[in-house]
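The values are calculated or read from the model by the stated rules, or taken from the named source; none is laboratory data. Computed from a prediction, not measured in an experiment: that's the story for all the values here. Using ideal geometry, Cβ is built from the backbone for each residue, glycine included, and neighbour counts are taken over all protein chains shown. Each accessible area value is taken on the protein alone, full model and side chains, heavy atoms only, with ligands, DNA and RNA left out. Shrake-Rupley method; radii C 1.70, N 1.55, O 1.52, S 1.80 Å.
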Amino acid sequence: MRVGVFTPLLSQLPLPEVLKKLKANGIGTVELGTGNYPGDAHCNLSMLKDRTALETFKKTIADEGFSISALSCHGNPLHPDRDIAKSHQETSRKTILLAEKLGVPVMVDFSGCPGDSRNAKRPNWVTCPWPPEYLETLKWQWDEVVAPYWTKHAKFAADHGVKIAIEMHPGFVVYSPETMLKLRAIAGKQIGCNYDPSHMFWQSIDPIAAIRLLGDAIFHVHAKDTQI
């Protein structure tokens, strides 16, 4: 097991200073944000088109003796606002390409959440099975939006040798072990999870039971405190 730090926590510092600070505390692994909600303070996707910047970045990481556990671009690629969805999807796609170039085996993302129809303006997170229109909305979301996008995106990731770790989080269609395994059954084993037990605590899900259920679907792990 490698213990690392997700560097958006230190986004006010440039990457060389972040690495020195972490090294002084015995840390040798980082997870880097590439855009969307985490931002891209330490790992900019423009490196895909700038070989010099890419080599400088790789040297900075290597010179301090660090490894990269994952690239992360948590976003909502299924957002009913098409401009937001397109932007988040493109960031996710480019993150996979950069992970391939860096030899990073995992990228982290959210599953996203659609609205309740093609005309929706805001995401609609369905967690209640009654009245019946809620289940109708949920079926539409999975059949018409979730499955088509993630099946295609998982294949793209597989073609580039990168696994996608979905962080189960309230507000998105994948928020629990059950919904995580549902997406994996649809999109294939290239899809797994970034396991953050704090999100299980929020929902009164036993975090240990969740680990046992998810098994080898766990690709990457977060650890942070939750107070109830």
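The alpha carbon gyration tensor of segment 105-228 gives principal lengths a ≥ b ≥ c with a/c of 1.5 or higher and a/b no greater than b/c, which makes the shape oblate. Here the chain has 54 percent of its accessible surface on carbon and sulfur atoms, given a 1.4 Å probe and all protein chains in place. Helix-only arithmetic for the chain: the sum of -39500 (n - 2.57) across DSSP H runs with n ≥ 4, divided by the residue total, places the mean residue ellipticity at 222 nm at -12000 deg cm²/dmol. Taking amide H as placed 1.01 Å from N in the peptide plane, Val108 has its amide H under 5 Å from the amide H of Leu71, Ser72, Cys73, Ala165, each at least 5 places away in sequence or on another chain.
For the chain, the Cβ-based charge dipole about the Cα centre amounts to some 480 debye (Lys, Arg positive; Asp, Glu negative; other atoms uncharged).
Working note: Karplus 6.51/-1.76/1.60 with θ = phi - 60° gives segment 17-30 the couplings 5, 4, 5, 5, 5, 5, 4, 5, 9, x, 9, x, 9, 10 Hz, where Gly and Pro are set to x. Charges were assigned to the Cβ only: +1 to each Lys and Arg, -1 to each Asp and Glu. The resulting dipole of segment 15-120 about its Cα centre is roughly 200 debye. The loop-placed trypsin sites (Lys or Arg not before Pro) in segment 1-81, going by DSSP, that have at most 10 neighbouring Cβ atoms within 10 Å of their Cβ come out as Arg2.
Dipole of segment 98-216 (Lys/Arg Cβ +1, Asp/Glu Cβ -1, origin at the Cα centre): which of Val126, Gly115, His199 lies farthest to the positive side? Towards the positive end, the residue furthest out is Gly115. Between rounded, prolate and oblate, where does segment 1-81 land on the alpha carbon gyration tensor, with a ≥ b ≥ c its root eigenvalues, rounded for a/c under 1.5, else prolate if a/b exceeds b/c? Here segment 1-81 falls in the oblate category. Tally Lys and Arg at +1 and Asp and Glu at -1 over the other residues with C-beta under 11 Å from the C-beta of Arg122: what net charge comes out? So the surrounding residues net to -1. Projecting the Cα atoms of Ala53, Leu9, Leu214 onto the dipole axis of the chain, where Lys and Arg carry +1 and Asp and Glu carry -1 at the beta carbon, places Ala53 farthest toward the positive end. Summing charges over all other residues whose Cβ lies under 12 Å from the Cβ of Glu64, with Lys and Arg as +1 and Asp and Glu as -1, gives +3.
Dipole magnitude for segment 94-228: computed about the Cα centre from +1 point charges on Lys and Arg Cβ and -1 point charges on Asp and Glu Cβ, it is near 360 debye. Classify segment 143-212: rounded, prolate or oblate, from the alpha-carbon gyration tensor (a ≥ b ≥ c, eigenvalue square roots; a/c under 1.5 rounded; otherwise prolate if a/b is larger than b/c)? Prolate shape, in that a/c is at least 1.5 and a/b is the bigger ratio. Whole-percent P(r), the chain, all Cα pairs, 5 Å bins from 0: 1, 7, 14, 18, 19, 17, 12, 7, 3, 2, 1, 0.
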